[in-house]
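Where a number appears in this text, it was derived from the coordinates with a stated rule and is not lab data. Note that this is a predicted model, so its numbers are computed, not measured. Cβ placement follows ideal geometry from the backbone for every residue including glycine, while neighbour counts extend to all protein chains displayed.
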Amino acid sequence: MTTTAGAARHFVRELLGRSDYAIISDLVEPDSRVLDLGCGEGELLEWLAANRSVEGRGIEIDGRKVQRAIARGISVYQGDIDQGLSGYPDDSFDYVILSQTLQETRRPLEVLREMLRVGRRAIVAFPNYGHWAMRVSALFTGRAPRSKCFPYEWYESPNIHFLTVKDFEVLADNQGWTVERKIFLSGHNAVRALANLRAEVAVYLVRR
Amino acid sequence: MIVETQSVRFDSLPLDCGARLAPVDVAYETYGNLNSARSNAILILHALTGDAHAAGISHDDGKPGWWGNMIGPGKAFDTDRYFVICSNVLGGCRGTTGPASVNPETGCPYAMSFPVITIGDMVRLQVKLIDHLGIERLLAVSGGSMGGMQTLEWAAHWPERVIAAIPIATTARHSAQQIAFNEVGRQAIMADPDWNEGNYYASKPPARGLAVARMVGHITYMSDESMREKFGRRLRDKEKYGYDFSIDFEVESYLRYRGSQFVNRFDANSYLYITKAMDYFDLANGARSLGDAFPKNAPRVLAISFTSDWLYPSYQLIEVVEALRSRNHDVAYVELASNYGHDAFLVDIGEQTEVIRGFLANTYSRL
């Protein structure tokens with residue numbers, strides 16, 4: 001296993017082929033309770049259980065993925081993130097993770113509020129719509145912008161709510177959430193300045 | 001794997017209705033080996049018309065078990081790893097004491113003097129069996145349909161005796177629709193003059209009534225799509241309609257055949273008692289809510305439903321899962337895609353196997 005990289009390093013390692021997973025795994029304290037929204041086949045939860053002694057739960061809408069997650073021993077609930085959290089009592093988890101899915105939810109603010117109700121902290125990773133490549137794409141093609149992080153044609157994109165780093169900061173400020181950590185990524189490089197322009201992916205650790 | 005049904009007698013069993021049954025016989029089978037720590041036992045719970053013969057080939061009649069595709073070496077309930085037990089339910093007619101059993105006080109079959117039993121009573125008897133087998137704590141309990149009700153009963157009322165529960169295609173309480181189908185079955189039996197208030201053991205059984213009950217049951221176990229695929233409007237051994245009331249359609253032939261076969265292996269009074277037990281079952285009964293029905297130390301749960309099961313629709317099991325989640329219990333839920341309706345848990349077992357195998361292995365590895 002690679003040593004803990006820390007956000008200050010320039011190069012970010014990968015976990016299970018994803019750099020956002022590597023960062024999330026660093027943010028999660030050992031022996032905590034974690035809910036992963038849109039957990040896919042439960043790879044991250046399985047890793048956290050094995051390496052951080054985390055007690056993990058997941059929610060996933062895709063039945064095939066739920067099957068594979070359960071088959072690997074992860075307790076996953078087949079359901080919709082937009083409605084799926086209401087069943088949990090307040091403060092059920094130490095962390096609620098939403099990785100690369102916020103922009104796909106129908107009511108992102110409701111989802112974030114619910115995350116911070118059922119969890120003491122939320123970890124939110126999202127692709128930054130404000131990245132320079134998106135701005136350039138929109139400016140010069142005159143079409144719905146596309147980039148490495150937003151590769152879809154407008155008619156087949158699962159993304160329905162686009163946000164930038166700045167948007168998230170404004171929202172957190174409005175809602176009175178405390179941002180405890182924020183990490184910005186461009187490929188495997190940590191971005192430390194001009195994040196809204198240079199970050200492809202942003203990861204926030206937020207609490208109420 | 002040749003298996004023999006075994007039997008054990010218990011002195012008495014207190015029932016929810018206040019009566020006490022004495023003595024009580026239980027028919028059961030076991031597959032695989034109990035490990036030295038006695039920690040690998042799984043209890044399988046059968047549905048309305050099932051029996052103790054869940055797997056392997058019967059020593060008596062050479063028939064395979066009702067869940068033989070799920071229980072065995074390398075299967076979902078892997079008998080190379082686990083010690084699997086299945087018993088006939090209380091009120092049944094396949095070796096466990098039921099209305100067809102002889103009442104020692106009269107020397108005659110109980111018939112309708114048999115006390116009304118509940119899912120809770122069935123499980124209480126299973127606990128006695130587990131005690132008898134020297135098992136302190138089961139690794140898992142699992143079953144579909146009425147077997148799922150017993151699974152939930154175990155989870156809610158015997159948490160210290162079971163580590164994991166796998167309810168499949170089931171509910172915490174029957175809906176009006178489910179009670180209604182059961183009532184049609186019961187009325188069909190009781191409307192048969194051969195039923196004779198339940199006293200038919202010395203003469204001929206209410207075969208026509210029981211067959212009709214079974215026919216109704218079979219319709220509810222299939223889906224519109226699976227019936228279309230299996231029968232469509234195909235005619236049976238004819239090119240044109242007969243313009244009479246003999247068998248025209250393939251589906252008629254199938255239902256009549258299933259009905260008539262059923263009579264040979266099932267007791268009509270058992271059908272009455274067991275369907276009643278299903279209708280009475282309400283896990284939330286006595287609790288403020290379904291969530292309160294589960295104790296703090298409830299076992300971890302894997303709940304499975306099927307898309308085309310309209311007899312036990314997914315929303316019913318989701319209700320249970322939601323109740324468990326509202327108390328932060330460890331619960332996994334998946335709705336598997338199948339066209340086979342309620343029968344899916346018996347016949348469409350590919351994905352079900354994958355999910356259960358992984359869940360059990362993970363539960364076992366945590367011991």
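Within 10 Å of the Cβ of each residue in A:61-74, the mean number of Cβ atoms contributed by other protein chains is 5. Cross-link list A:Lys65/B:Lys75; A:Lys182/B:Lys296; A:Lys65/B:Lys128: which exceed 31 angstrom alpha carbon to alpha carbon? Beyond 31 Å between Cα atoms: A:Lys182/B:Lys296; A:Lys65/B:Lys128.
Averaging the sequence gap over all C-alpha pairs within less than 8 Å and six or more residues apart, then dividing by the number of residues, gives chain A a relative contact order of 20 percent.
Residue by residue along B:327-333, Cβ atoms of other protein chains within 10 Å of the local Cβ number 6 on average. Here segment B:178-276 was treated as a single set of alpha-carbon atoms; its pair distances binned every 5 Å from 0 give 2, 13, 20, 20, 16, 13, 8, 5, 1 percent.
Loop exposure criterion: trypsin sites (Lys or Arg not before Pro), DSSP state outside H, G, I, E and B, at most 12 other Cβ atoms within 10 Å. Applied to chain B, the longest stretch between such sites is B:1-232.
Geometric descriptor of segment A:1-118, per residue, is 110 Å³ (volume of the convex hull of the Cα atoms). Convex hull volume per residue, computed on the Cα atoms of segment A:113-173, equals 98 Å³.
Sparse packing (at most 16 other Cβ atoms within 10 Å of the Cβ) combined with a DSSP loop state is found for the following GluC sites (Glu not before Pro) in segment A:91-193: A:Glu153, A:Glu156. With all pairs of different C-alpha atoms in the average, the Kirkwood value for the hydrodynamic radius of chain B is 21.1 Å.
Among the helices of chain B, those built from whole DSSP H runs whose Cα atoms reach 15 Å or more along their own axis and whose mean Kyte-Doolittle hydropathy is at least -1.0 are B:119-132, B:146-157, B:176-191, B:207-221, B:268-280, B:314-325, B:350-365. Average the reciprocal distances over every distinct pair of alpha-carbons in the protein assembly as shown, invert the result, and give the Kirkwood radius in Å. Evaluated over the protein assembly as shown, this radius sits at 26.4 Å. Over segment B:248-367, Cα pairs under 8 Å with separation of 6+ residues give a relative contact order of 20 percent. Across peptide B:334-341, the mean count of Cβ atoms from other chains lying within 10 Å of each residue's own Cβ comes to 3. The longest stretch of chain B left intact once loop-based GluC sites (Glu not before Pro) with at most 15 other Cβ atoms within 10 Å are removed from consideration, loops following DSSP, is B:240-367. Counting only the Cα atoms, segment B:112-155 fills a convex hull of 81 Å³ per residue.
Of the chymotrypsin sites (Phe, Trp or Tyr not before Pro) found in segment B:27-121, not one falls in a DSSP loop while having at most 12 other beta-carbon atoms within 10 Å.
When the Kirkwood radius is taken over all Cα pairs of segment B:135-235, what Stokes-Einstein diffusion coefficient follows at 10 °C and 1.306 mPa s, in µm²/s? For the chosen part, D equals 96 µm²/s. Cut-off 10 angstrom, C-alpha nodes, Gaussian network model of chain A. Which of A:Thr164, A:Thr141, A:Thr101 fluctuates the most? Between A:Thr164, A:Thr141, A:Thr101, it is A:Thr141 that shows the largest mean-square fluctuation.
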